[in-house]
Amino acid sequence: MAHPWIAERTFAFDSSGIRKVFDLAAKMEDPINLSIGQPDFPVPDEVKQACIDAIQADKNGYALTQGMPVLRDKLQARVDAEYGHADRRVFVSSG
């Protein structure tokens, strides 16, 4: 026992699932970290400007829970162009 005030059973605890994912990502070449919305690269200027434009147009509230049709349609068009399979359907969720 390392510390008398730490219960012995705690030494048998396994790491969390997300910790395992982080450990796996550390072994990958150039992974994109999307955990808690923090990519490890700078935000492109056009994305920054789009955010500013949306805020100034009072469009900074929550999106529809069922998804925004314009977003789903654009994403689906991109998936269709890339994969060309009818079984590839886009699903957008929050969180």
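The values are calculated or read from the model by the stated rules, or taken from the named source; none is laboratory data. It should be emphasised that the depicted structure is a prediction, and the values quoted were computed from it without experimental measurement. FYI the Cβ positions are ideal-geometry reconstructions off the backbone, even for glycines, and counts take in every protein chain you see.
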Output the residues belonging to segment 40-77 that are outside any loop (DSSP other than H, G, I, E, B) and either among the basic types (Lys, Arg) or touching a strand residue (DSSP E or B) at 6+ places or on another chain (Cβ under 6 Å) (or both). Lys48, Arg72, Lys74
Within segment 60-75, residues being surrounded by 10 or more Cβ atoms within 10 Å (Cβ to Cβ) and over 27 Å from Asp30 (Cβ atoms) number 6
Across segment 8-31, what is the total count of residues that are surrounded by 10 or more Cβ atoms within 10 Å (Cβ to Cβ) and of a type outside the set (Phe, Trp, Tyr)? 7
Exclusive hit being in the same structural domain as Ser93 (by TED's automatic domain parsing), of a type in the set (Asp, Glu) and free of Cβ contacts under 8 Å to residues at least 12 places away in the same chain, set Asp73, Asp40, Asp53, Asp23: Asp73
